[in-house]
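Presented below is the structure to which this report refers.
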There are 2 protein chains.
Amino acid sequence: MQQLIVELGSRSYPIFVGSDLLPTLANTLQSSLNQQIFIITNEVVAPLYLEAVKAQLGARDIATFVMPDGEAAKTLTTWSEALDALLATGFARDCTVLALGGGVVGDLAGFVAASFHRGVDFVQMPTTLLSQVDSSVGGKTAVNHPRGKNLIGAFHQPKAVLIDTHFLTSLPSRELSAGLAEVIKYGIMADAEFFAWLEQYMPALMALDQRALTQAIMRSCRCKAEVVSDDEREHGRRALLNLGHTFGHAIEKAQGYGEWLHGEAVAAGMAIACDISVEQGHMLAADYERVLTLLRAANLPTSAPASMDWDEWQQLMLRDKKVQGGKVRFILPRGLGDAVITDKVAESLIVKAVSRQRG
Amino acid sequence: MQQLIVELGSRSYPIFVGSDLLPTLANTLQSSLNQQIFIITNEVVAPLYLEAVKAQLGARDIATFVMPDGEAAKTLTTWSEALDALLATGFARDCTVLALGGGVVGDLAGFVAASFHRGVDFVQMPTTLLSQVDSSVGGKTAVNHPRGKNLIGAFHQPKAVLIDTHFLTSLPSRELSAGLAEVIKYGIMADAEFFAWLEQYMPALMALDQRALTQAIMRSCRCKAEVVSDDEREHGRRALLNLGHTFGHAIEKAQGYGEWLHGEAVAAGMAIACDISVEQGHMLAADYERVLTLLRAANLPTSAPASMDWDEWQQLMLRDKKVQGGKVRFILPRGLGDAVITDKVAESLIVKAVSRQRG
C-alpha cells in the first residue's frame, strides 16, 4: 500500500492506494472513522462489496443508503432522500458518511456529508478508475440540476480516501477506458515524464496489472493533490484540471448525458484542445500525434460526434461553468506537460478543431 | 457608522453598524458586491425596503426571489425554488447573493449562496434585531427538516454584513424583545459590564433609541465575532453561544414552532440555566434576580410553559443537536459574564429548574 497526503492545513488528509485493501480497511482508516457510519452506495456496487465493507467495520453503528446507478440519479431528490434516511437513523453530527462507489456516489455522498448538520466527516472509497484518479480527491461535491451538471454542491474535503485497485476487476472495460482519459490528462497538462510512462504501460493498465494501476493512480492523485493544495476553491490554477472539459461537457450535453461517458467526452475534448494548441504553434505536431495514439491505445475517441454543428457548440460552451464575464475560458496545452487558462482563442481555430473527424 | 472585522484569515469580513445606512449602501459595500446580484427577501420586507435597496445598487444586474414570511418557509423546498430562480437568471459563479430580511431569510439565502456553484459571494442585510445580533454573523446557514431545525446547511461566511438600525422601526415590538434576549445572552455568558450597561439602557433600547441600539448591536456582534474567530465550526467554545438554547429549543418544539418566538424561548431557557447555576453554587442568587429583572424589562418570559412535563423535556432535549455520545450538553453560567459547557448536571436540578414558574 502506498500513501500520500493532500496538504490543506487543518483539512489535510491521506490517500491510501493499493490492491486488496478491503480486508484491512478498518485498520487503515482507523483514525478517520467514527462510531456511527452512514454508507452511501449504489445498486451495482452494493451486491459486490457492501457486505465485505460492513464486515470490516466491526462493532460500529452502520446504516446504508443504496441509490440507483448512473448520472441520472445525481439529483437534489436523491440527495434529499439520502438525508431523510440519515436523519431517520438518529445519527449525530459526530458521524461519518462513507461513499462506496464511483463519481456519482462520491459527489452525492459528499454533498450529504457537507450539508448534514453543516458538515460531518466524510470518507471516500472510490470503486471506478475515474473516481479514483479524479473526483474522490479534492473536495468537490455536487448534484446535477436540469440546467446543468454539478450546479449545486459544496467544497467539502474528505477525512481520508481509500483506493483499492481490486475494485477495478469488476469494472466494465469501457469505464476503465473512461478513467484512463483523466489519467492521460495529468500527463498532458502537467507531467511529460508520466505521459511517456503511460505510453509504455498502457497495455499493462488495460490488462488490469495491479502494480501498474497503483502506480498510475498514485501519480494521478499526486498531480491532482498538488493542484488542489495550491488552489482549493478554484480561484485560479485548479481550473487547469478541466483540460478537455469545456469541449467534453458540450459533447455530453449534446448527446444527452449517458450516451458518451464523461471520460470519453473528455478524451475527445483533449484531442480538440491539443489540435488548437498545435494550430497556435504551442504543441508540436508530433506530440499531438502521440496524444492521439495514446488515447486510441486506451480505446478512447479522439473527435467529437460529426452531428454537432457550430451553433450547437457555441450555445453549449457559453453555458459552461467556466464562463466568466460572458467569455468562455479554455484550458489549452502549451506542449506536453504544461497547460494554460485563456479566453483568447481565435474562433476559426475552434471551429476547425471541433469539427475535425479523425476516423 | 461603526465597523468591526470578523477575523477569519482569508475569510475575514466587515460588519457595518449604524442608523440610516440604506442611502449609502452601495458605497459602504462597494468591494463586496459583484455585477450580478441575486436578492433574497420575503413578502413582509419586500414592500418596505426592496425598491430602496435596488435603487441604491445602480447599474448592476439584479434579480429577486421573494419567499413567504416565517420559519415555516425555511425548508429544502423553498431553498430549491430559490436555486431554480437563481439558475434561471443565468448568473455565473461570480455573482453575489444578498439576504434582505430576518434570520429565516439570512439562513436560507446563505445556504443558497453556499451551494450555488459550490459557493458564491454572500452579503447579509439583516432587518430584525435577532438576525442583526446573532444569525447574520458567524457563517451558519441552514434550512429546517421535519425532524428538526437547522439540520441541513453549511458554514458559509458572508463577504460583509450591513446592519441598519433604521430597519428596527418597522419591527413588531414582540420581535424586538425576542432580539433583546440574544443581546442579554452576551452579557450573561461573556460580559458582565455589558450586562450592567443593558440594565441602564434597556428603556432606551425598548424605545428604539438609535444610538443605544447601535451600541448594543456593536457590543453583541463583537462578542459573537470573537467567539466565532476562535472556533469557526463549533468544535468547542462556540457552543457557549447556545446558552439557554437547549431548553429554548425544547420549548419551541413542545409548543410547535411559531407559538413562542425563538428569542422568547431562549429567554426562558436562560432563566432555567441561571437557576441551575444558582443551585450548583456558581451564580449568586442576587445576580440571578438581576437576570430575571432584565428579561422582564425587555418584556420576555422567565419560565417555561407550565404544560410541559418532565418526560416531554427529556425526549425533546435528547433530540437536540448538542447531544454528543448520547449525553445532553448544557451551557451554564458560572456567575455573570462567564459560562461553561458541561454534561454533568444532576437530573434533580434540571427537573426543578424547568418546572419552576415565575409569574
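Fraction of C-alpha pairs exceeding 25 angstrom in chain A: 51 percent, rounded to a whole number. Note on A:LEU151, B:LEU332: ascending count of other Cβ atoms within 10 Å places them as A:LEU151, B:LEU332, the fewest first.
Residue pairs exceeding 25 angstrom between C-alpha atoms, taken from A:LYS344/B:LYS54; A:LYS140/B:LYS54; B:LYS140/B:LYS327; B:LYS140/B:LYS185; A:LYS140/B:LYS327; B:LYS327/B:LYS352: A:LYS344/B:LYS54; A:LYS140/B:LYS54; A:LYS140/B:LYS327.
Here the gap between A:SER170 and A:ALA88, fully extended at 0.36 nm per residue and compared with their Cα-Cα distance, gives a gain of 26.3 nm. With the crude spin-label approximation of a point 7 Å out along Cα→Cβ, what separation in nm comes out for A:GLN2 versus B:ASN27? Here the modelled spin labels are 6.0 nm apart.
Working note: Cα atoms of region A:124-236, range along each principal axis, descending, whole Å: 38, 29, 29. What is the log10 of I(q)/I(0) for region A:173-355, computed with the Debye formula using one identical point scatterer on each Cα and no solvent, at q = 0.13, 0.16, 0.18 Å⁻¹? Here log10 of I(q) over I(0) equals -0.61, -0.95, -1.21.
Under the criterion of Cα pairs below 8 Å and six or more residues apart, the relative contact order for chain A equals 15 percent.
Taking each residue in B:31-37, count the Cβ atoms of any other chain within 10 Å of its Cβ, then average. What number comes out?
Details: counts 0, 0, 0, 0, 1, 0, 0.
For peptide B:31-37, the averaged partner shielding equals 0.
Stretching the chain fully between A:GLU259 and A:LYS344 yields a gain of 27.5 nm (0.36 nm per residue, less the alpha carbon separation).
With K and R counted +1 and D and E -1, the other residues having a Cβ less than 14 Å from that of B:ALA63 yield a net charge of -1. Using 0.36 nm per residue and subtracting the Cα-Cα separation, the extra length available between A:ARG319 and A:GLU51 on full extension is 92.3 nm.
For region A:93-174, a crude dipole built from +1 on the beta carbon of Lys and Arg and -1 on the beta carbon of Asp and Glu, taken about the Cα centre, is about 280 debye to the nearest 20.
Excluding B:GLN36 itself, what net charge comes from residues whose Cβ is under 11 Å from its Cβ, given Lys and Arg +1 and Asp and Glu -1?
Working: positive: B:ARG60, B:ARG93; negative: B:ASP61, B:ASP94, B:ASP121.
Cβ neighbours under 11 Å give a net charge of -1.
Under a 5 Å amide H cut-off, with hydrogens placed 1.01 Å from N, A:VAL340 pairs with A:LEU332, A:ARG334 among residues at least 5 apart or on other chains.
Over the Cα atoms of the protein assembly as shown, compute the convex hull volume and normalise it per residue, giving Å³. Before the final figure, lay out the partial values.
On the way: hull volume 102.6 nm³, N = 718.
Per residue, the Cα convex hull of the protein assembly as shown comes to 143 Å³.
Within a straight-line Cα-Cα reach of under 14 Å, A:LYS149 can be paired with the following aspartates and glutamates, leaving aside sequence neighbours fewer than 8 residues apart in one chain: A:GLU71, A:ASP107, A:GLU252, A:ASP320, B:ASP84. Spin-label model, A:ARG147/A:GLN210: points 7 Å from Cα along the beta carbon direction are separated by 4.8 nm. What does the net charge come to around B:PRO203 if you take all other residues with beta carbon closer than 13 Å to its beta carbon, with K and R at +1 and D and E at -1? Residues near B:PRO203 contribute -1 overall.
Treating r as the C-beta distance of B:LYS327 and A:ALA196 and R0 as 51 Å, the FRET efficiency rounds to 0.30.
Where a number appears in this text, it was derived from the coordinates with a stated rule and is not lab data. Fair warning: this is a prediction, and the values are worked out from it, not measured in the lab. Cβ sites come from the backbone with ideal geometry, for glycine too, and all protein chains shown count toward neighbours.
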